[in-house]
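K.L.:
After the structure tokens below, expect a handful of questions from me.
The values are calculated or read from the model by the stated rules, or taken from the named source; none is laboratory data. Note that the structure is a prediction, hence the values are computed from the model and not measured. All Cβ positions, even for glycine, are placed from backbone atoms using ideal geometry, and neighbour counts span all protein chains on display. Each accessible area value is taken on the protein alone, full model and side chains, heavy atoms only, with ligands, DNA and RNA left out. Shrake-Rupley method; radii C 1.70, N 1.55, O 1.52, S 1.80 Å.
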Amino acid sequence: HRLFFALWPDAPARAALVRLAHEIAHHGHGKAPREDNLHVTLAFLGAVAADRLGALERVGRAAAACIAPFGLSLERIGGTGFGIAWLSSDGVPTSLAELHAALAAGLAREGFPTERRMFRPHLTLARHCARAVHRGAVEPVRWTVERLTLVESTLAPGGSRYRNLVEWPLGATPEPASRPPPPTPRAGV
């Protein structure tokens, strides 16, 4: 399984992002991602064995439980020399930084590799741009982040396909660890 933890925009934010992605892709002579692929990655895990999914569920549940829903605003376009244009925030909101840190700590505890570089939340707007894209501030795209999602990515012709495996509401009380059933009374006791 190729996996990552992600935040998905709500419907109004997704509509605004789709318009912006098509505009940027058009100006950069690139390709906008599919509408259902627009997300912010919190932690990319790469290939993960099926028997490790339980550990990722524990990490996701614990990280989501420690952060209440929060507002996210993306308002700055940037790009790379590799033909990618993205939308990011001017700064990392405290709640988002805390969620990212909780994920990183949980992943490390469970033996998963974590990135060492500074966390810069962003959303990819276009790929394969032949021209440099406009860089700078744009009308902010905002939504309230209410869920953390573990996503599976499948490489396919025309781009990756994403499937949500598990979602956790932010700020929810984590389910208690499963308890063994009570002992069965012995006869004659």
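K.L.:
Against the longest principal axis of the chain, how steep is helix 53-65, in degrees 0 to 90 to the nearest 10, with axes from Cα atoms?
P.N.:
80 degrees
K.L.:
Okay, moving on. Val166: net charge of surrounding residues, Cβ under 9 Å, Lys/Arg +1, Asp/Glu -1, itself excluded?
P.N.:
Residues close to Val166 contribute a combined charge of -1.
K.L.:
For Arg135 paired with Phe119, estimate the spin-label separation in nm (one decimal), with each label point 7 Å from Cα along the Cα-to-Cβ line.
P.N.:
Roughly 2.5 nm, to one decimal.
K.L.:
Just reorder Phe44, Phe119, Phe5 by solvent-accessible area, largest first, 1.4 Å probe, all chains present.
P.N.:
Phe44, Phe119, Phe5
K.L.:
Per residue, how many Å² of accessible area does the chain show with a 1.4 Å probe?
P.N.:
57 Å²
K.L.:
Sorted from largest down, give the three principal axis spans of the alpha carbons of region 71-181, whole angstrom values.
P.N.:
63, 35, 26
K.L.:
Oh, and also: For region 1-71 and region 80-109, what is the separation of their Cα centres, given in Å?
P.N.:
11 Å
K.L.:
Where Lys and Arg each count +1 and Asp and Glu each count -1, what net charge lies around Leu155 among other residues with Cβ under 13 Å from its Cβ?
P.N.:
Once positives and negatives cancel, what remains is +2.
K.L.:
Restricting to DSSP H runs of at least four residues, report the calculated mean residue ellipticity at 222 nm for the chain, -39500 (n - 2.57) per run over all residues, nearest 500 deg cm²/dmol.
P.N.:
Estimated from H runs of four or more residues: -8000 deg cm²/dmol.
K.L.:
When the scattering of region 16-102 is computed by the Debye formula from its Cα atoms alone, each counted once and equally, what is log10 I(q)/I(0) at q = 0.23 Å⁻¹?
P.N.:
The computed values of log10 I(q)/I(0) come out as -1.17.
K.L.:
OK, next. Which order do peptides 165-172, 63-70 fall in by mean Cβ count within 10 Å, highest first?
P.N.:
63-70, 165-172
K.L.:
Please list, by residue number, everything in region 35-63 whose backbone N is under 18 Å from a paramagnetic label point 7 Å out along Cα→Cβ of Arg109.
P.N.:
43, 52-63
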